[in-house]
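The values are calculated or read from the model by the stated rules, or taken from the named source; none is laboratory data. Please read all numbers here as calculations on a predicted model, not as lab measurements. Here the Cβ positions follow ideal geometry from the backbone for every residue, glycine too, while neighbour counts run over all protein chains shown.
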Amino acid sequence: MNRFAARKLLELRLLLLPAVLLFVQHTCQAQATSQSQRANPLPASIVAQGKLQPAAGILKLTPLPGDRIEKIHVSPGDRVAENTLLATLESSKLKNLEIQLAELKLADAKSLQNSSLRQATVAVDSAESKLQAAHLQLTQALATEKNLANQIPIIGSLEDQLHSLELLIENPRLRGAIGKLEFESKRTELLQAKIEFDQASLNCQQGVEAAKLAVRQAQQLVENAKASLKELQETNNVLPLEKQIELLRLQAEQSQLRAPSNGTVLQVNSAPGERTANLPIFEFANLDQMVCVAEVHEADIAKIQLGSPVTLQSAALPKPLSGKVSRVDRVVGPPQMRSPNPLARSDFRSIPVWITIDANDAPYAANRINLQVEVAISPAPPAPSLSPSSSPSSSIPAATPSSSAPSSSAQPTSK
């Protein structure tokens, strides 16, 4: 029996020998790795709590209060383009009717103004035609006056002839050569010529004065017609109606809620028939770019650099998300998110750190907006020691924390 037990024990030892050798080998490798890590320690990740949100934030679209929702054209999750109609209010119909009525009034006002302008233009053309006729009349009167001046030598010639006849009659020798009848005829001819000249001169003078008066009247008529036309052109009676239509169109636009940009409808908080108040109807966001805002302990800010790689984890995510630090805020305050670990400290000061999520992981983050995640930020490598004359530089300006400040990386995490 003892020999049988010894043989079985020997067989068992032979069977366990490879496993023991493999265990010893792994133990030696682990010890070597541990010694190597102690010789070259790696900095631990900075752990914090963060929240997923769109890079441009969530827009809360609120209409003017006091109206009523007539129709909602979208549903949660719909991707819409800029200026897409999201909801229509009941005041939209009333505003459209007011716009149509104002447009009819505007058309009538424009027609009346155009008719008045045409009449004023015709009046100007007529006055200018009268002025041209008056100038022509004056030209003819002046020409007649000039022609009348040509008759003066004729009258002078008749006077000379009559004077010659008088001399012949007074001469005793030649008295019998000139008959009395011939002399009277010549004198009558001279008198008739003078009468006709005086009458023509009077008529010509009256014609010139009448033509000048007609020219002045026509000029005044042209000036009045042009002044009336200018006044009509400068007086825009349709401008108030145009401004009224513009105001009505702005009011009509406010009665329709449209998408401010390309994005996704996150929530619809109202239904058709409800009164509008100072509460948003839609929650809207552009989900093409997602970020995570992490609340990092103030003592760890000096270890963070722009572009540092970040890993985001949560049980609600199908996989860990990757990103990079893109911004560090300047405002220090108490944290707004509590750690899921009940033993974690909450009485510390934090600084928001913005992390841009990689484009490949952005769709996963877009499906979990406002999700609280655990953020692990790879810290910057320790800076080499500097001489007293040199000053340390960092890509992120931050005050050096006191040595007594606790580090968030040392906080216990939930298992």
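Against the condition closer than 30 Å to VAL296 by Cβ, surrounded by fewer than 17 Cβ atoms within 10 Å (Cβ to Cβ) and modelled with pLDDT under 95, how does GLY57 come out, does it pass? Taking the combined requirement at face value, the residue satisfies it. It is to be established whether one or more residues within segment 202-216 are basic (Lys, Arg) and either outside the structural domain of LEU142 (by TED's automatic domain parsing) or within 12 Å of ALA141 (Cβ to Cβ) (or both). Yes; the residues of segment 202-216 include at least one that is basic (Lys, Arg) and either outside the structural domain of LEU142 (by TED's automatic domain parsing) or within 12 Å of ALA141 (Cβ to Cβ) (or both). Being part of a helix (DSSP H, G or I), within 35 Å of the chain's Cα centre (by Cα) and in contact (Cβ under 8 Å) with a residue 60 or more places away in the chain is the filter here, so list the residues in segment 219-246 that pass it. Those that are part of a helix (DSSP H, G or I), within 35 Å of the chain's Cα centre (by Cα) and in contact (Cβ under 8 Å) with a residue 60 or more places away in the chain: LEU232, GLN233, LEU241, GLU242, GLN244, ILE245. Select from segment 299-324 the residues that are assigned to a strand (DSSP E or B) and crowded, with 23+ Cβ neighbours inside 10 Å and list them in ascending order. Correct list: VAL310, LEU312, LEU321, GLY323. Restricting attention to segment 129-143, the residues being of a type outside the set (A, V, I, L, M, F, W, C) and buried (at least 16 other Cβ atoms within 10 Å of the Cβ) number 2.
Those residues that are more than 19 Å from ILE152 (Cβ to Cβ), buried (at least 16 other Cβ atoms within 10 Å of the Cβ) and over 60 Å from the mean Cα position of the chain (by Cα), I need them from segment 185-218; list them, please. ALA211, the sole residue that qualifies. For first residues located in segment 308-323 and farther than 14 Å from ILE369 by Cα and free of Cβ contacts under 8 Å to residues at least 24 places away in the same chain, partners that are β-branched (Val, Ile, Thr) and assigned to a strand (DSSP E or B) and lie 6+ apart or on another chain with Cβ distances below 8 Å form the pairs PRO320/THR311.
Of the residues that make up segment 22-41, is at least one modelled with pLDDT under 90 and in a loop (DSSP other than H, G, I, E, B)? Scanning segment 22-41 turns up at least one residue that is modelled with pLDDT under 90 and in a loop (DSSP other than H, G, I, E, B).
Across segment 54-91, the number of residues qualifying as touching an Asp or Glu at 6+ places or on another chain (Cβ under 7 Å) and more than 21 Å from PRO363 (Cβ to Cβ) comes to 9. So, of the residues in segment 280-298 that are more than 30 Å from ILE69 (Cβ to Cβ) and crowded, with 22+ Cβ neighbours inside 10 Å, which turns out to be farthest from the chain's Cα centre (by Cα)? The residue in question is HIS297.
For (1) loosely packed, with under 12 Cβ neighbours inside 10 Å; (2) closer than 30 Å to GLU128 by Cα, each residue gets a yes or a no:
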site	(1), (2)
GLN220	no, yes
ASN224	no, yes
SER228	no, yes
GLU231	yes, yes
ASN236	no, yes
LEU239	yes, no
GLU242	no, no
LEU248	no, no
ALA252	no, no
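Within segment 73-87, the residues that satisfy the criterion of being surrounded by fewer than 18 Cβ atoms within 10 Å (Cβ to Cβ), more than 23 Å from the chain's Cα centre (by Cα) and in contact (Cβ under 8 Å) with a residue 24 or more places away in the chain are SER75, PRO76, GLY77, ASP78, ARG79.
Out of (1) out of contact with any strand residue (DSSP E or B) (no Cβ under 6 Å at 6 or more places or on another chain); (2) modelled with pLDDT under 90, the odd one out for SER255 is which? The failed condition is (1). Criterion first (at pLDDT 90 or above, hydrophobic (A, V, I, L, M, F, W, C) and surrounded by fewer than 17 Cβ atoms within 10 Å (Cβ to Cβ)) does LEU101 satisfy it? Here the answer is yes, as LEU101 does meet what is asked.
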